[in-house]
Amino acid sequence: MTVAIATAMACSGMYASANETGAPSDVIPKPAEVVMNRGFYNLPDGGVTYFIKGNADAAVRSLLEQGPVNAGAAKKMSSANIRVEIGDDADAEGYTLEVTPKYISIKAAGARGAYYGLQTLLQMTDGGRVRQIACCRISDEPRFSYRGVHFDVSRHFRSLDFLKKQVDAMAQMKLNTMHLHFTDGAGWRMQIDKYPRLTEFAAWRPQRTWREWVDNGSKYCDRSDARASGGFYTKEEMRDLVDYAAQRHITVIPEVEMPGHSEEVLAAYPELSCAGKPYSGSDFCVGKEATFRFLEDVLTEVMDVFPSEYIHIGGDEATKNSWRDCPDCKRRMEQEGLKDVDELQSYLIKRIEKFVNSKGRKIIGWDEILEGGVAPNATVMSWRGTEGGIKSLKSGHDVVMTPGAYCYIDGNQDAPFKEPASIGGYLPLAKVYSYEPVEPGLTPEEASHLLGVQVNLWTEHVADSAHAEYMYYPRTYAIAEVGWSKPDKDYDDFYRRALVKNERMKRDGYNVFDLAQEYGERKESLEEIDHLGRGAKVSYNLPYSKQYTANGDLTLTDGVRGGWTYGDKRWQGTMQDFDVTVDLGEVKPLHYFGATFMHSEGAWVHLPEKVEFEVSDDGVTFTPVATVWCDVPSDFPKLLFKDYGTAVNASGRYVRMHAFRNPRPGAWLFTDEFVIN
Ligand code: ACM
Ligand code: ZN
């Protein structure tokens, strides 16, 4: 089929200055291969023409109708300014883009590829603002087929317009999957005809923000309640979103959480819980057939709206608590020969997989679906590190990688003191960019099951849409590049391109993090500290946590101090007191003791109530020298570092530091170095 399209679009007149030249060097994600040629192509101010040969789709057409293209039909290929040739391979995402002094050519095996070729051209010309383009030849294709962004609309509901606006941004970056997390404890967000209380009740709460809601007991309210805050999407709205995304070659994957993270369902339909009472837990009862009826009914309506190949069935963080004592769950385990609650969860997932497969779809779930035995055809979304993903790859399952350490953009992207309140942690742009999904040791066959990558934004602490954009950008640029580009990384070059993109995103109305004003890592962590105790042996009178060992027994005297997050392997953690003795080798005069502790309330990291320092010549009899008290309220809302330092006038060979853990249940204690001088 040969199509000639004439489009009339008014010239904006807002072209960039004449000496600006569009080039592939600004494009995100970086194209696979670029050859620069001599000369330029100038987009004619009077109007650009294009001609399409082959299978253009609506997405390609609509993109041609914006940006650099603005007037006039070409009657034939040889007279068009932009010449597009498209094959009929619907899945092919690659393209070649050639800019010559006389014309621009885009060739692709399918419409998807042509669409991405046009996105590259739009980036090179900044949407047609830059009229002069450097001659070049780009051959481009993605490294991974799955390039996703996750939207948690349960913790805070977002408007349809917000979602569409992010689809626009995703499309520019050749991201192709929107993961819509629309069910969770904080609110159900999609119309389900068979279960109206999901949206008449479980979508509403008396408090607007998640924080206030949790602080007030996590209760829902009727939609008609004057205080009701929240919302849901009608099926019509969801179909609209699906269509809007499809027009941009983006698939929307819906997530229905099960068996955990389901407090809102169980408040609306308490008969689906083990106790049969509202507010009695977060997990569906796996023993009751009613649970399966509900889930299958819901999935049926969800699959009717979302045509995606994958349906996300959650699977994460089920507490499994109520299952142990529930007669229905116990009966199920007995009848099915399930030896523990992990196998009971696996029973549910496998049964749901069978149902979803019977409708011609596939399930994808968080890596906990491995526990108790993974469902045979399941794709695994690896978030608790990459171990689950690696294990799945090795057993032949498809995997999407989204490990927390690189892909959880609910953490701070800059120094926490200048950032809005968040879940904590520190995940700057550079770290997201540094992510390499194919770990050493994977065979090519195993690696071939690695579908791609995704960033996740959980929104407990992200009440407003502008704040959400701030968290997404620029870090989403980095995951777009990890997912698309070759792994030959050059952060300085990426950073430069990210600055360019940020300016354009700001101009286009996105609230991006100001990368140019980045403060960076905690200064203390950038260089090692020398002190009298450096390298001295540390004896632990109480053990540190196996989860946060840092540099093991050497941590507190290795001269290395931690960064903004306790997860950086430089902070040592414990849920007991820190009680350590340092052996200086001989009796020495001592003038200063100090240790810095971290406070991050959202992460249950608290300062010690007090830190006591003692000295001893023989390691047996200790003399108290100083006590430093906590002077920060334990509900202080931001990340904070307190130096429990004190001048002393003492001597000794052994120095004991005893930091008393905050007594609230679940409190952690983190420190990085015991400085002795
Ligand atoms: C998750 O972060 N619970 C998937
Ligand atoms: Zn039960």
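Nothing in this text is a laboratory measurement; each read-out follows from the coordinates by a stated rule. Computed from a predicted model, the values in this text were never measured in an experiment. Cβ atoms come from the backbone with ideal geometry, glycine included; neighbour counts cover every protein chain shown.
At-a-glance table
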item	result
Label zone at residue 275 (point 7 Å along Cα-to-Cβ), backbone N below 19 Å, the stretch 179-216	185-187, 202, 214-216
Nearest-ten-degree value, helix 327-336 long axis tilted from longest Cα axis of the chain	70 degrees
Loop chymotrypsin sites (Phe, Trp or Tyr not before Pro), the stretch 389-462, which have at most 10 other Cβ atoms in a 10 Å radius of their Cβ (DSSP)	none
Prolate/oblate/rounded call for the stretch 229-278, Cα gyration tensor, a/c under 1.5 rounded	prolate
Cα gyration tensor category, rounded, prolate or oblate, for the stretch 323-392 with a/c compared to 1.5	oblate
In nm, spacing of pseudo-spin labels at residue 79 and residue 40 (7 Å Cα→C-beta vector)	2.7 nm
Degrees separating the helix 289-305 axis from the principal Cα axis of the chain, which is the longest one	40 degrees
Rounded to 5, the percent of DSSP beta bridges in the chain classed as antiparallel	55 percent
Gained length - residue 636 relative to residue 592, 0.36 nm times residue gap less alpha-carbon distance	13.1 nm
For the stretch 379-406 versus the stretch 298-367, the gap between their alpha-carbon centres in whole angstrom	19 Å
For the chain: relative contact order, % (alpha-carbon pairs under 8 angstrom, 6 or more apart)	9 percent
Neighbour-count order for 383, 629, fewest beta carbons within 10 angstrom listed first	629, 383
With at most 13 neighbouring Cβ atoms within 10 Å, loop trypsin sites (Lys or Arg not before Pro) (DSSP) excluded, longest segment of the chain	360-545
Magnitude of the charge dipole, the chain, Cβ model with Lys/Arg +1 and Asp/Glu -1, debye to 20	1680 debye
Rounded Å value of the spacing that divides the Cα centres of the stretch 643-677 and the stretch 598-619	5 Å
Among 139, 196, 150 the positive-end extreme of the charge dipole of the chain (Cβ point charges)	139
Cβ-based charge dipole, the stretch 175-276, positive-most Cα from 186, 275, 253	186
Crossing angle, helix 341-358 versus the chain [Cα axis fit, 0-90 degrees, rounded to tens]	0 degrees
Which of 121, 457 has the fewest Cβ neighbours within 10 Å, and the rest in rising order	457, 121
Cα-based shape type of the chain, given that a ≥ b ≥ c are square roots of the gyration tensor eigenvalues and the cut on a/c is 1.5	oblate
